[in-house]
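Here the structure is laid out as structure tokens; the discussion comes afterwards.
Laboratory data are not the source of any read-out in this text; all were calculated from the coordinates shown. Quantities reported herein were computed from a predicted structural model and do not represent experimental measurements. Positions of Cβ are backbone-derived with ideal geometry, glycine not excepted, and every protein chain shown enters the neighbour counts.
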Amino acid sequence: MNVQKNQQWDPASYDRHARFVSDLGGPVLDLLDAAPRERILDLGCGDGSLTLKLVRMGCDVLGVDASAAMVDGTRKLGVSAIVMDGQALTFQGEFDAVFSNAALHWMPDADKVIAGVWNALKPGGRFVAEFGGHGNVETIVRAAEVALQARGLPIARPWFFPTAKRYQSMLENQGFQVTSIALIPRPTPLPGDVGQWLTTFAQPFLRTVPEEHREDFVASLVEDLRPTLLGDDGLWRADYVRLRCRAVRPAST
Ligand code: BEZ
């Protein structure tokens, strides 16, 4: 997970409200198919939960994240991690694989991310990632935009949610061979209500609301979204759509 302007991460709150993000990382870890002793970069390592899994599989892993607080949390697990912006990676040909879960949508300069990943990989290395794709949390974003607009407040979508076609062509423009890429709708049960989700993940939206009105703003969004996102089973579900991909830097490059 990356830190962005107007979005701050705190490992304790992340543990309470966002644990499902790493818990749902199984499919992208399977796609990575890491082998013991491989040198792997975890791009946007967040609190290090998946980084630690890779370490336990015998990989030699480095986590990077733009949030110093999250890097601290990762190091407390005994995992190597450094603070670095994923849009300005500085590695040269040292990794067998670059892995990323639920981070790249926080990095709008995707061409710079892709170039940095390419440079970080050894020739023949692979890039395996999952993040928010086109249509991700659209129900929530739309409702937030309508509510902001009704209050005459500015709207800025802070995330990069590309289509598979667009992301594939960005990867290919860099020289990657894309071996798999797909958009995967994944309605995701939340640990609390959508208000908690907004407070945890949508700070860039909420910061445009004057602080004294923020609580009311979130409460009214919860009511707007209740009929659509609250299931009969009492669980709130966010309309997540994942973009999952695997791309290879050809051996001859
Ligand atoms: C996501 O993981 O898809 C996501 C996280 C935070 C904000 C928006 C989307």
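Describe numerically, in nm with one decimal, the distance between label points set 7 Å from Cα along Cα→Cβ at ASP10 and at ARG166.
3.3
With an 8 Å Cα cut-off and a minimum separation of 6 or more residues, compute the relative contact order for the chain in percent.
22
What is the spin-label model distance, in nm, from VAL146 to ASN119 if the labels are put 7 Å beyond Cα along the C-beta direction?
4.5
I need the shape label for the range 57-123. Rule: rounded when a/c is under 1.5, else prolate if a/b > b/c, else oblate, with a, b, c from the alpha carbon gyration tensor.
oblate
Go ahead and run the numbers for FRET between LYS76 and SER220, Cβ-Cβ distance against an R0 of 30 Å, rounding to 0.05.
In this case the efficiency is close to 0.20.
Using a 7 Å offset from the Cα along the Cα-to-Cβ direction at both ILE155 and ALA182, what is the distance between the two label points in nm, to one decimal?
Here the answer is 3.2 nm between the modelled labels.
When LEU41, LEU153 are ordered from fewest to most other Cβ atoms inside 10 Å of their Cβ, what list results?
LEU153, LEU41
Would you please classify the overall shape of the chain from the alpha carbon gyration tensor, given that a ≥ b ≥ c denote the square roots of the eigenvalues, rounded means a/c under 1.5, and beyond that prolate means a/b larger than b/c while oblate covers the rest?
In terms of gyration-tensor shape, prolate.
Give the shape of the range 52-92 as rounded, prolate or oblate, defined through the alpha-carbon gyration tensor: a ≥ b ≥ c are the square roots of its eigenvalues, a/c under 1.5 means rounded, and otherwise the shape is prolate if a/b is larger than b/c and oblate if not.
It comes out oblate by the Cα gyration axes.
Of all DSSP beta bridges in the chain, what percent run antiparallel (nearest 5)? Write down the numbers at each step before the final one.
Details: 21 of 38 bridges.
Among the beta bridges of the chain, antiparallel pairing accounts for roughly 55 percent.
For n ≥ 4 DSSP H runs only, could you compute -39500 (n - 2.57) per run for the chain, divide by its residues and tell me the 222 nm figure to the nearest 500?
Counting only the DSSP helices, I get -11500 deg cm²/dmol.
Quick one: among ASP15, ASP233, ASP96, which has the greatest mean-square fluctuation in a GNM of the chain with alpha-carbon springs under 10 angstrom?
ASP233
Filter the trypsin sites (Lys or Arg not before Pro) in the range 1-61 to those in DSSP coil with at most 12 other Cβ atoms within 10 Å of their Cβ, and list the result. All intermediate terms of the calculation are to be shown ahead of the outcome.
On the way: sites: LYS5, ARG16, ARG19, ARG37, ARG39, LYS53, ARG56; in loops: LYS5, ARG37.
Those satisfying the criteria are LYS5, ARG37.
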